[in-house]
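All remarks here apply to the structure that follows.
The values are calculated or read from the model by the stated rules, or taken from the named source; none is laboratory data. Everything quoted here is computed from the prediction, not taken from an experiment. Quick reminder, even Gly has a Cβ in these numbers, built from the backbone with ideal geometry, and neighbours come from all protein chains shown.
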Amino acid sequence: MARSDRPASTSTSTSTSDAQHVIVAGGGPTGVVAALACAQRGFRVTLLEAAGFIDDNPRAATTHPSTLEYIARLGFVDEFIEKGLVCRYFQFWDRDTQTRVAQFDHELLRDETPFPFAVQTEQHKLVQMVLPKIAAFAGCVHELGTEVLGAEQDAQRVTVTIRRGAETSTLEADYLIAADGGRSTIRKGLGIAFEGFTFPERFTVLTTLHDFERSLGCCYRNYLAGSDEWAMIFKVAGDDMAGRWRAVMPTRESESDEEALADASVLSRMQRLDRSCRLDDVVHRKIYNVHQRIAAQFRVGRIYLAGDASHLNNPIGGLGLNCGIHDAMELVDTLEAARDGADETRLDRYQRRRRTLNAEFIQEQTINNKKRLEEKDPAARQQRLDDLKATEADPVRHKAFLMRSSLLASVQRANTIA
Ligand SMILES: Cc1cc2nc3c(=O)[nH]c(=O)nc-3n(C[C@H](O)[C@H](O)[C@H](O)COP(=O)(O)OP(=O)(O)OC[C@H]3O[C@@H](n4cnc5c(N)ncnc54)[C@H](O)[C@@H]3O)c2cc1C
């Protein structure tokens, strides 16, 4: 997509209206949702994305009921669902015995949400959908190929240094949202610690046209526990809406990224999942470093961190992007409060809520999800699988499990944090 042809103001604020100005650093899913939400609430928005294109590498797709509710509030949930796959169920499998252990059914959430299902819509489609909606608001622009280099602030404003091509300049705004991802320049510039750890293994993501529904009886979201190797298998629609599957597996300790993505390893990984998989069906290969981290601060004065800039987690459970969108929605409420003259205690609620909820719901669940899938001790492994079975069989526990995995419980918990 081409850079916006509507230039952002430079050096000093040249706003023609009284609207307060928000700069959003980073045009990933968190940044675009934050930008749209701000535009809808009457802020003037400048969204700056360093890359000159929309990254369509395979990352998030699973979007949970709580997040669909937010997307509905932003006004494009039908379009979002249309571009993805509706998933009523998710399943846990035992790879060692090739049997299904448990199936969770979102239908049990029907009394809790208008969206008793998850939707698998790839994150680049979300960005593609939202960018034109931002640009439709007067005074709101997005720029691809503009990098944020740093920010300074005083009591009245934030001054952001940017680079467009070889040219460096500054922009002024009332607030800066740092949605510039896990390596956030803004977080580093503010000297905010990113507490946590990085896993020694990386995660391979192999995209294939092989149909796991037909060959193994998988649903669209499957978590496979294995004493030798765990895996996740998901179906996404793809840009052509023809459907394809993503298989996620860890690298071996001694394996380099190149070795893990070489033909022989890719074929062997796929055939360990299903003997009938063929290399020719693999249409994309990617490898990711995986972290569990939370920023020590989510707010410094007029600068707010959101999404991966403020927290990272492993993708088992599909929670990172969902959490970023929840951040964005809490953040726009916070900026509205700031515009209305709220005091520091109210503004710090953003950090009190979002940091606490990330620890309680995202870090806790994703770490536990990974342990559940990779457990090697036979007794502990069996206990975890039995516990899943028992949870599925008990309607109260089944629903409670779904409330947490869908982050509906996180939204309820937010309201208890003043
Ligand atoms: C394999 C995998 C599967 C996943 N699956 C799921 C899932 O199913 N569900 C889920 O909820 N989450 C999932 N996640 C996590 C999800 O992808 C991330 O949480 C999500 O991308 C975070 O969005 P973000 O906008 O905060 O950050 P990013 O997507 O990283 O976007 C940050 C943007 O900022 C830009 N940027 C960086 N620096 C600058 C700068 N200095 N100036 C301007 N722009 C800058 C970057 O180019 C980028 O576009 C998955 C992750 C992986 C790796």
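Worth pointing out:
- Qualifying residues in the range 46-76 (those that are among the hydroxyl-bearing types (Ser, Thr, Tyr) and outside any strand (DSSP E or B)) - the one farthest from residue 288 (Cα to Cα): 70
- Picking from residues in the range 255-313 that are part of a strand (DSSP E or B) and of a type in the set (Ser, Thr, Tyr), the one that is nearest to the ligand (Cβ to nearest atom) is 288.
- Extreme residue, farthest from residue 20 (Cα to Cα), among residues of the range 175-223 that are part of a strand (DSSP E or B) and of a type in the set (A, V, I, L, M): 206
- Residue in the range 91-111 that is crowded, with 16+ Cβ neighbours inside 10 Å, modelled with pLDDT of 95 or more, within 30 Å of residue 183 (Cβ to Cβ) and within 16 Å of the ligand (Cβ to nearest atom) present: no
- Condition check for residue 172 on (1) within 16 Å of the ligand (Cβ to nearest atom); (2) buried (at least 17 other Cβ atoms within 10 Å of the Cβ); (3) not small (Gly, Ala, Ser); (4) not in a loop (DSSP other than H, G, I, E, B): one failure, at (1).
- Those residues of the range 372-388 which are loosely packed, with under 13 Cβ neighbours inside 10 Å and either assigned to a helix (DSSP H, G or I) or in contact with a Pro (Cβ under 7 Å, 6 or more places away or on another chain) (or both), in sequence order: 378, 379, 380, 382, 383, 386
- Scanning the range 157-169 for residues that are part of a loop (DSSP other than H, G, I, E, B) and in contact with an Asp or Glu (Cβ under 6 Å, 6 or more places away or on another chain) turns up just one, 157.
- From the options 199, 194, 234, residue that is within 13 Å of the ligand (Cβ to nearest atom) and surrounded by fewer than 20 Cβ atoms within 10 Å (Cβ to Cβ): 199
- Selection of the range 396-413 for residues being part of a helix (DSSP H, G or I) and either surrounded by fewer than 16 Cβ atoms within 10 Å (Cβ to Cβ) or out of contact with any strand residue (DSSP E or B) (no Cβ under 9 Å at 6 or more places or on another chain) (or both) yields 396, 397, 399, 400, 403, 404, 408, 409, 410, 411, 412, 413.
- Here the condition is being near the ligand (Cβ under 10 Å from one of its atoms) and of a type in the set (Ser, Thr, Tyr); of 366, 334, it holds for 366 alone.
- Among residues that are under 30 Å from residue 108 (Cα atoms) and outside any helix (DSSP H, G or I), residue 324 is not included.
- Summed over the range 202-225, the residues that are of a type in the set (Gly, Ala, Ser) and surrounded by fewer than 20 Cβ atoms within 10 Å (Cβ to Cβ) give a count of 2.
- Contact map, the range 137-153: residues that are within 13 Å of residue 46 (Cβ to Cβ) paired with residues that are within 11 Å of the ligand (Cβ to nearest atom) and aromatic (Phe, Trp, Tyr), Cβ distance under 8 Å, separation 6+ or inter-chain. Pairs shown: 144/53.
- Breaking point among (1) within 15 Å of the ligand (Cβ to nearest atom); (2) more than 27 Å from residue 244 (Cβ to Cβ); (3) touching a Gly at 6+ places or on another chain (Cβ under 8 Å), for residue 44: (1)
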